[in-house]
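*Asks:* Here's a structure for you.
The values are calculated or read from the model by the stated rules, or taken from the named source; none is laboratory data. Keep in mind that this is a model prediction, so the values were computed, not measured. Every residue, glycine among them, receives a Cβ derived from its backbone with ideal geometry; neighbour counts consider all protein chains shown. Just the protein is used for accessible areas: all its heavy atoms, side chains included, with ligands, DNA and RNA removed. Shrake-Rupley method; radii C 1.70, N 1.55, O 1.52, S 1.80 Å.
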Amino acid sequence: MGEQLGLLKVTVVQGKKLVIRDFKSSDPYVVVKLGSQTSKTKVINSCLNPVWNEELSFSLTEPIGALSLEVFDKDRFKADDKMGHAHLSLQPIASAARLKQILQVCSGETILRKVVPDSDNCLARESSISCIDGEVVQSVWLRLCAVESGEIELKIKLIDAPVASSR
């Protein structure tokens, strides 16, 4: 494992227009992975537009990878059904955090950069990375792949690793 860059707090906010995997609905939950770290949300029963608002924490280290997520439908008697997956490169938020340190932005709200949908991410729409009262934050809507429809909203916060003092 490489150098510790900080703590990544991922809030799985909500899902929209998720697919039906049971008779009339689905019982969705989200599995989020960063490298070998995995975390998951609770199951929301019978809902295609679930609201989780659950914060999951990951340790961010070099080399910076991608955050991946997979949505599943919880089934009682058989394997859980896949409801799509998505990924997001963490390089933009990590470079924005470095920019924040260089600029020494720490109060108010400052947009550090914008990220547009492209082949390196699953963004459903443009996303901005901001510094809000010293914290680097990104709100994203990810379009789910390998499925007919569905989007997941995340709020990502990168909390700097403590910098060793040179005194």
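*Asks:* Compute the acute angle (0 to 90°) between the alpha-carbon long axis of helix 91-103 and the principal axis of greatest extent of the alpha-carbon atoms of the chain; round to the nearest 10°.
*Replies:* 30 degrees
*Asks:* With a 1.4 Å probe and all protein chains left in place, how much accessible area per residue does the range 1-86 have, in Å²?
*Replies:* Numbers: 4640 Å² over 86 residues.
I get 54 Å² per residue for the range 1-86.
*Asks:* Kindly flag which residue pairs out of Lys42/Lys157; Lys16/Lys100; Lys17/Lys78; Lys40/Lys114; Lys74/Lys157; Lys9/Lys74 have an alpha-carbon separation exceeding 30 Å in this structure. Could the numbers behind the result be given before it?
*Replies:* Values: Lys42/Lys157 20 Å; Lys16/Lys100 32 Å; Lys17/Lys78 24 Å; Lys40/Lys114 28 Å; Lys74/Lys157 28 Å; Lys9/Lys74 25 Å.
Over 30 Å Cα-Cα: Lys16/Lys100.
*Asks:* Still on this structure, please answer the following. Give me the aspartates and glutamates in straight-line cross-link reach of Lys24: C-alpha distance below 13 Å, same-chain residues under 8 apart excluded.
*Replies:* Straight-distance partners of Lys24: Asp73.
*Asks:* Please compute one quarter of the surface area of the Cα convex hull for the chain and express it in square nanometres. If you can, show how the numbers build up before the last one.
*Replies:* Working: hull surface 43.2 nm².
Average of the hull's projected areas for the chain equals 10.8 nm².
*Asks:* Compute the normalised compactness of the range 60-132: alpha-carbon radius of gyration over 2.2 N^0.38 Å, N being the residue count. Walk me through the numbers on the way to the answer.
*Replies:* Numbers: Rg = 16.6 Å, N = 73, 2.2 N^0.38 = 11.2 Å.
Computed over Cα atoms of the range 60-132, the ratio equals 1.47.
*Asks:* At 1.4 Å probe size, with no ligands or nucleic acids counted, give the accessible surface of Lys74 in Å², nearest ten.
*Replies:* Accessible area, nearest 10 Å²: 90 Å².
*Asks:* Using a 1.4 angstrom probe on the protein heavy atoms only, could you order Ile159, Ile129, Ile102, Ile44 from most to least accessible area?
*Replies:* Numbers: Ile159 55, Ile129 0, Ile102 135, Ile44 35 Å².
In descending accessible area the options line up as Ile102, Ile159, Ile44, Ile129.
*Asks:* Of the accessible area of the chain, with the probe set at 1.4 angstrom, what percent is carbon plus sulfur? Let's see the in-between values first.
*Replies:* On the way: 4750 of 9120 Å².
Reported share for carbon and sulfur atoms: 52 percent.
*Asks:* Please go through the range 42-88 and write out the chymotrypsin sites (Phe, Trp or Tyr not before Pro) that DSSP classes as loop and that have at most 13 other C-beta atoms within 10 Å.
*Replies:* Values: sites: Trp52, Phe58, Phe72, Phe77; in loops: Phe77.
For chymotrypsin sites (Phe, Trp or Tyr not before Pro) across the range 42-88 that sit outside H, G, I, E and B with at most 13 neighbouring Cβ atoms in 10 Å, the list reads Phe77.
*Asks:* So, one more: Find me the longest stretch of the chain that has none of the exposed GluC sites (Glu not before Pro), where exposed means in a DSSP loop (not H, G, I, E or B) with at most 12 other Cβ atoms within 10 Å.
*Replies:* Numbers: sites that count: Glu3, Glu126, Glu148.
It works out to 4-125.
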